[in-house]
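Structure, as structure tokens:
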Amino acid sequence: MHSSAIFLIEFGAIILGLGLLGRFAGRFQFSPIPLYLLAGLAFGQGGILPLDTSEEFVAIGAEIGVILLLLMLGLEYTASDLVSNLKTQYPAGLVDATLNALPGAAMALLLGWGPVAAVVLAGVTWISSSGVIAKVLADLGRLGNRETPVILSILVLEDLSMAVYLPIITALLAGTGLAAGSATLAIALGVAGLVLFLAVRYGRHISRFVSSDDPEKLLLVVLGLTLLVAGIAQQLQVSAAVGAFLVGIALSGEVAEGAHNLLAPLRDLFAAVFFVFFGLHTDPSSIPPVLLPALVLAVVTALTKIATGWYAAKRAGVSEKGRWRAGGTLVARGEFSIVIAGLAVTAGIEPSLGPLATAYVLILVILGPLTARWTEPIASRLQARFGKTAPVAAAGEVPAPRPAEDQDPVDQA
């Protein structure tokens, strides 16, 4: 059979399979990410039916998926929002980084993987999944809750930290010296600072230049600009994903909203391909040996994320129930953990790191929606059991309506 025909059959089967898996996940109201990873494991190295012809195209699609994930995240925020979050929530961001990065670094060192792998695994355990968390908040009807801005602030700070973190691990994985690594970091910080400055001062002009009433032209300009900037950023040894994130920040208003609506289907398509690609490059037989450390990491970092959300919500004056909800919602890891681990897998830094990251994400992407829903009720029951009365909601707190089973008169205004 002609190679192009085999390619179409393989890639068409991948897309069709992803659609069916996504539909299955939607019916049972959980994230499709673990199913995408499992699909990659099934058809990758050591899987049931390895794919050969379409692998190169899937690799390119996976890279576009990462770029679109970061672009869409950047479109959610304005430059002024980012500056405000940096000023008010940076202590919570420092606590988040400390509590959640250290367990990953410690585990890598305990496994004897060395300092570079420790820095990579620290990032894997640190970053929460913005995509999964956004879906969970919408599904639970919590977008209007008082703790939700706190959750989003933590996510924004984590995403901003990637502008510093990714160039560091890129330099480490490439084996460059201290001078080259410092130059890469300086370039990354300079580019990030310049884009933020331009977005704050000239955001309207940039958006006006990109703006178009024709959806086709708007899609082509935004997508072309994003890929161009991402490519230039990568050429300068700065992460292409960070370049895409900064493009999203620079766009605002109706342009950002229009671009978001047009690019959302493309983001979903290529992001799914990315998760499959990561699974394709992980041998299923390599997961059982790292399952125990992955489970230990998942339990420890689930607790540290709950502590992070509780602390951040307390600083914002949110009631105790809202603090538990914030902590439980932050537990999910997903796309960013896989992105970071993918860099290490590509560099060949540690063969077991990819399987451990895959197992870790699979555990927490399933556990995350459950902790978001049940952390606060379980904490309330434990407090009642040990004789502690649930506190009255903070003055002025008016939580958004939630599903009937999630209502609690103590938590109402």
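Specify which of the listed residues (V120, V136) is modelled with pLDDT under 90, part of a helix (DSSP H, G or I) and either surrounded by 24 or more Cβ atoms within 10 Å (Cβ to Cβ) or charged (D, E, K, R) (or both).
So the residue among V120, V136 that is modelled with pLDDT under 90, part of a helix (DSSP H, G or I) and either surrounded by 24 or more Cβ atoms within 10 Å (Cβ to Cβ) or charged (D, E, K, R) (or both) is V136.
Just to be sure before I move on: is E335 within 21 Å of L227 (Cα to Cα), modelled with pLDDT under 90 and touching a Ser or Thr at 6+ places or on another chain (Cβ under 8 Å) in the structure I sent?
Considered against the rule, which asks whether it is within 21 Å of L227 (Cα to Cα), modelled with pLDDT under 90 and touching a Ser or Thr at 6+ places or on another chain (Cβ under 8 Å), E335 comes out as yes.
Which numbered condition trips up R381, out of (1) under 26 Å from V95 (Cα atoms); (2) free of Cβ contacts under 8 Å to residues at least 24 places away in the same chain?
R381 satisfies all of (1) under 26 Å from V95 (Cα atoms); (2) free of Cβ contacts under 8 Å to residues at least 24 places away in the same chain except (1).
Do you know which residues across the stretch 106-117 are within 16 Å of L166 (Cα to Cα) and open to solvent by 10 Å² or more (accessible area, probe 1.4 Å)?
Of everything in the stretch 106-117, those that are within 16 Å of L166 (Cα to Cα) and open to solvent by 10 Å² or more (accessible area, probe 1.4 Å) turn out to be P115, V116.
Quick one: would you say L292 is among the aliphatic types (A, V, I, L, M) and surrounded by fewer than 18 Cβ atoms within 10 Å (Cβ to Cβ)?
Judged against the criteria, L292 is a match.
Out of everything in the stretch 360-379 that is more than 18 Å from the chain's Cα centre (by Cα) and at pLDDT 90 or above, what residue ends up being nearest to T304 (Cα to Cα)?
Result: T375.
Could you figure out which of (1) in contact (Cβ under 8 Å) with a residue 40 or more places away in the chain; (2) within 21 Å of the chain's Cα centre (by Cα); (3) assigned to a helix (DSSP H, G or I) isn't true of V299?
(1)
If I go through the stretch 297-311 residue by residue, how many of them are touching a Ser or Thr at 6+ places or on another chain (Cβ under 7 Å) and among the aliphatic types (A, V, I, L, M)?
3
Could you say whether any residue in the stretch 251-268 is under 23 Å from S161 (Cβ atoms) and either of a type in the set (S, T, Y) or free of Cβ contacts under 8 Å to residues at least 12 places away in the same chain (or both)?
Checked the stretch 251-268: at least one residue is under 23 Å from S161 (Cβ atoms) and either of a type in the set (S, T, Y) or free of Cβ contacts under 8 Å to residues at least 12 places away in the same chain (or both).
If I go through the stretch 43-65 residue by residue, how many of them are at pLDDT 80 or above and surrounded by 17 or more Cβ atoms within 10 Å (Cβ to Cβ)?
Residues meeting the conditions: 6.
Specify the residue that is surrounded by the fewest Cβ atoms within 10 Å (Cβ to Cβ); the eligible residues are those in the stretch 302-336 that are within 16 Å of the chain's Cα centre (by Cα) and assigned to a loop (DSSP other than H, G, I, E, B).
Top of the filtered list is G334.
Consider L356 carefully, then state whether it is at pLDDT 85 or above, more than 25 Å from W113 (Cβ to Cβ) and buried (at least 19 other Cβ atoms within 10 Å of the Cβ).
So L356 does not fit the description; no.
The values are calculated or read from the model by the stated rules, or taken from the named source; none is laboratory data. As the structure is a computational prediction, the values presented were derived from the model and not from experiment. Quick reminder, even Gly has a Cβ in these numbers, built from the backbone with ideal geometry, and neighbours come from all protein chains shown. Quick note on the areas: whole protein, heavy atoms, side chains included, nothing else; ligands and nucleic acids left out. Shrake-Rupley method; radii C 1.70, N 1.55, O 1.52, S 1.80 Å.
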